[in-house]
1. Pairs, please: C-beta under 6 Å, at least 6 apart or cross-chain, first residue among the small types (Gly, Ala, Ser) and in the range 357-385, second surrounded by fewer than 20 Cβ atoms within 10 Å (Cβ to Cβ) and part of a helix (DSSP H, G or I)?
2. Select, from THR183, THR240, the only residue that is β-branched (Val, Ile, Thr), within 16 Å of the ligand (Cβ to nearest atom) and surrounded by fewer than 20 Cβ atoms within 10 Å (Cβ to Cβ).
3. Can you pull out the helices (runs of 4 or more DSSP H) entirely within the range 121-235 that have at least 2 residues that are more than 26 Å from the chain's Cα centre (by Cα)?
4. Restricting attention to the range 362-408, report how many residues are of a type in the set (Ser, Thr, Tyr) and surrounded by 20 or more Cβ atoms within 10 Å (Cβ to Cβ).
5. Out of ALA339, ALA309, ALA353, ALA319, which single residue is more than 16 Å from the ligand (Cβ to nearest atom), assigned to a helix (DSSP H, G or I) and farther than 24 Å from ARG60 by Cα?
6. Out of VAL331, VAL297, report the one residue that is in contact with a Gly (Cβ under 8 Å, 6 or more places away or on another chain), in a helix (DSSP H, G or I) and crowded, with 21+ Cβ neighbours inside 10 Å.
7. Looking at the range 372-393, is at least one residue within 13 Å of the ligand (Cβ to nearest atom) and part of a loop (DSSP other than H, G, I, E, B)?
Amino acid sequence: MSPEDRRTALAVTVVGGVVFVVLAVLLVPWDPVPGGVGNPPPADSLFSAAQIAEAEEFSRWARAWSWGSLAVSLAVACWFGFSRTGRRLVVRMPGPWWARVVLAVATLALIGRLVTLPFALLLHDHQLDYGLSTQSRGDFLLDVAKTEAIGIVVTSLALLVLVGCARRWRRAWPAVAGGVLATFVLIGSFVYPVLIEPLFNDFEPLPDGSLRSQILAIADAEGVGVDEVLVADASRRTTTLNAYVSGFGGTRRVVVYDNLVDDLPEDQALSVVAHELAHARHRDVVTGSVLGAAGTVFGVGLLGLAVGAIGRREHITMADPVVVPLVLALVAVGGLLAAPVQNTISRQIETRADVDALRVTGDPEAFIEMQRQLALRSFSDPTPPGWSQFWFGSHPTTLERVALTDAN
Ligand SMILES: [Zn+2]
């Protein structure tokens, strides 16, 4: 990589980084709790000693299998990416450059999937043991295969853009590829609810009844344009309780798990949906998507710098399909390093949605009992290790969420 080439990658990194920081400062609720966040109550004020012990036991093994899987997949990605092994594999692949890119992505993804499959099966067995999963091993493996196929398609597209742009624009590729991939992030987030979600679940409108009319009344009072709440057939997979908002504009939808509608008393279900309506009202999916797009530009710039630096020693450039294992290794490491940033932002946004839900429903008792039920139904550890919560926790802990009722 010549100094001129390095300048483009550096400029893309700086622009992506600055835009990300500016958007994060403007869009993320850094101070979501009026009067400040209170201290979380002790775990034994909400749960019995037996419940805490069971949740801790479940979480200990769930964490072991998840982190084991992460460690093995990172080690394998780095082995292929930073040694000559990956390159030797891709050099032997036949066909034009684009076919070799797709073949390389598919081969490495399948190897990564196979070496982490034991962990996925152990985790699924663990969830079966605790009654969290309602899926047979066969159905579970079918889900794994579907997820893997989607991952290969998406990763191949991204790598085709990177290598294709580098072949076409030797110097300007980080800028062009950064722009194209950022656009992909926005389009992906828009089409996800209509393209990907139906591959895993069926959705039915929430039937007429008092829950539906209360939800629509809240949406109306809060000025959220929602004319339908969808119920997902999550019970075919899990016994846990959940709800979410996805998409934006014409694809935006508020989805609740059927378990939640069937098993929670109405005031608690309403508390969950009020939280989701707050996400819709604040357009949190759009916030996440534009931050993701800016982060992608930043990442492509860094990728240009790293591939430039490592490639000069090893005589590879982004224009050559043999770069694929190196890019996948750098993306795997980068993803892990970006997780705390992503999750810190997510926890702020989740806290604001909780604060809103409490204000809108005016029912802290239902909120607390709902948080208790969500935690009990997923055996979630009320006091996870601090660094694990910081690095991987997308939501505040149950105790932190319950503490919000003091501030309101
Ligand atoms: Zn949320």
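We did not get these values from a lab; they are worked out from the coordinates using the rules stated. Being a predicted model, the structure only gives us computed values, none of them experimental. Here the Cβ is made from the backbone with ideal geometry for all residues, glycine too, and neighbour counts use every protein chain on show.
1. ALA366/ASP267
2. Details: THR183 fails: within 16 Å of the ligand (Cβ to nearest atom).
Answer to the selection: THR240.
3. Once the helices (runs of 4 or more DSSP H) in the range 121-235 are filtered for at least 2 residues that are more than 26 Å from the chain's Cα centre (by Cα), what remains is 137-168, 210-221.
4. 3
5. Of the residues listed, the single one that is more than 16 Å from the ligand (Cβ to nearest atom), assigned to a helix (DSSP H, G or I) and farther than 24 Å from ARG60 by Cα is ALA309.
6. Details: VAL331 fails: crowded, with 21+ Cβ neighbours inside 10 Å.
Just a single option satisfies the conditions, and that option is VAL297.
7. So the first thing to find is which residues in the range 372-393 are within 13 Å of the ligand (Cβ to nearest atom), and the list is 374, 393.
Now drop any that are not part of a loop (DSSP other than H, G, I, E, B), which leaves 393.
Scanning the range 372-393 turns up at least one residue that is within 13 Å of the ligand (Cβ to nearest atom) and part of a loop (DSSP other than H, G, I, E, B).
Results for (1) in a helix (DSSP H, G or I); (2) within 13 Å of the ligand (Cβ to nearest atom); (3) closer than 21 Å to LEU186 by Cα, shown as yes or no for each residue.
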position: TYR244; (1), (2), (3): no, yes, yes
position: VAL255; (1), (2), (3): no, yes, yes
position: VAL261; (1), (2), (3): yes, no, no
position: LEU270; (1), (2), (3): yes, no, no
position: VAL273; (1), (2), (3): yes, yes, no
position: GLU276; (1), (2), (3): yes, yes, yes
position: ALA280; (1), (2), (3): yes, yes, yes
position: VAL286; (1), (2), (3): yes, no, yes
position: LEU291; (1), (2), (3): yes, no, yes
